[in-house]
1. Do you know which residues across the range 163-196 are surrounded by 15 or more Cβ atoms within 10 Å (Cβ to Cβ), within 16 Å of L123 (Cβ to Cβ) and out of contact with any strand residue (DSSP E or B) (no Cβ under 8 Å at 6 or more places or on another chain)?
2. Do we find that K51 is part of a helix (DSSP H, G or I) and farther than 25 Å from Q220 by Cα in this structure?
3. Taking the range 93-114 only, how many residues are within 17 Å of D125 (Cα to Cα) and either modelled with pLDDT under 95 or of a type outside the set (A, V, I, L, M, F, W, C) (or both)?
4. Looking at the range 87-119 only, could you name the residues that are open to solvent by 70 Å² or more (accessible area, probe 1.4 Å) and of a type in the set (K, R)?
5. Looking at the range 51-71, which of the residues that are modelled with pLDDT under 80 and among the polar types (S, T, N, Q) is most open to solvent (accessible area, probe 1.4 Å)?
6. Among what's in the range 129-162 and is at pLDDT 90 or above and among the charged types (D, E, K, R), pick the residue that is least open to solvent (accessible area, probe 1.4 Å).
7. Checking the conditions here, which among A169, A116 is in contact with a helix residue (DSSP H, G or I) (Cβ under 6 Å, 6 or more places away or on another chain) and hydrophobic (A, V, I, L, M, F, W, C)?
8. Output the residues belonging to the range 18-38 that are at pLDDT 80 or above and of a type in the set (A, V, I, L, M).
Amino acid sequence: MLHEPLQFFSKYIEKELGIVYTESNYFQLRTRLEEIAKLLGFADIEALHQKARLGISGDFKQLVLDTATNNETSFFRDPKVFQVFENVILPELTKNHSTLPELRIWSAASSFGQEAYSLSMLLHDYQLKHPRPSFKIVASDIAERVLERARKGRFSQLEIQRGLPMPLALKHFEKDDQNWWTIKSYLKKSVEFRKQNLLDPFASMGTFHVIFCRNVLIYQNVENKTQIIKRLTACLAPGGYLVLGAGESLIGLSDDFEFTKVDGIIWYKRKSQKEAIAA
């Protein structure tokens, strides 16, 4: 019976990552565990379960956690988010921080790097018209294999076609004979990739003016959501912005933000300390 192995791994993944697999989406977990079993040379999930019951550590642990995460992404995913960021949020931030030497942006749960590199392209082109401030993008993910790929900045033709306008692809990427596209070095060097579990402390990440944390909370229980938002808030400069996924909300999770809706997109702006106390 597969129910016991699936229940075992779902509980382990929730404990380590906060990602919740319920019986309604066990089929996704089953597919991912079958992939792990095949990679490690086990006959089936039951055999993998027997191995796991003896302990999950080292490369085995990393493989389980890497495979459990959802790495579905694309360039300029939800285009309106990037349009509002460029036309509304960036001008406000640069106006209010005219003496700021560097604008820091965090792409949390960045997967293969499409969001971070989309931001890098947008900011690079924005800077041609508005030289100050300079910018730094930090992109993080729990999956080491994903980060290794992201750091290379190399994408297939299919990945390029998902959301990336061809003029931008031709401008910012180099294409090889095998139809693989590699992002140019001047954009790659503006993105720093780090391994980070959002359930772990991350004060060492520093302070950011914008944090993109999209389609992450939707997989967490309420307790984990609250803790993640609390830590993200501590890393966000007063007046800075938190960007969530379209199906996510801070309602019932935090009173530290005011929200504004622009072109159908909700942006959460961190209150100043004075505003937070007054609220």
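The values are calculated or read from the model by the stated rules, or taken from the named source; none is laboratory data. Predicted model, so just to flag it, every value in this text is computed and none were measured. Here the Cβ positions follow ideal geometry from the backbone for every residue, glycine too, while neighbour counts run over all protein chains shown. Accessible surface areas use protein heavy atoms only, side chains included; no ligands, DNA or RNA. Shrake-Rupley method; radii C 1.70, N 1.55, O 1.52, S 1.80 Å.
1. L164, L168, L187, K188
2. yes
3. Here the count works out to 6.
4. K95 - this is the single residue of the range 87-119 that is open to solvent by 70 Å² or more (accessible area, probe 1.4 Å) and of a type in the set (K, R).
5. In this case the residue turns out to be N70.
6. Among residues in the range 129-162 that are at pLDDT 90 or above and among the charged types (D, E, K, R), the one least open to solvent (accessible area, probe 1.4 Å) is D141.
7. Matching residue, one of A169, A116: A169.
8. Matches in the range 18-38: L29, L33, I36, A37.
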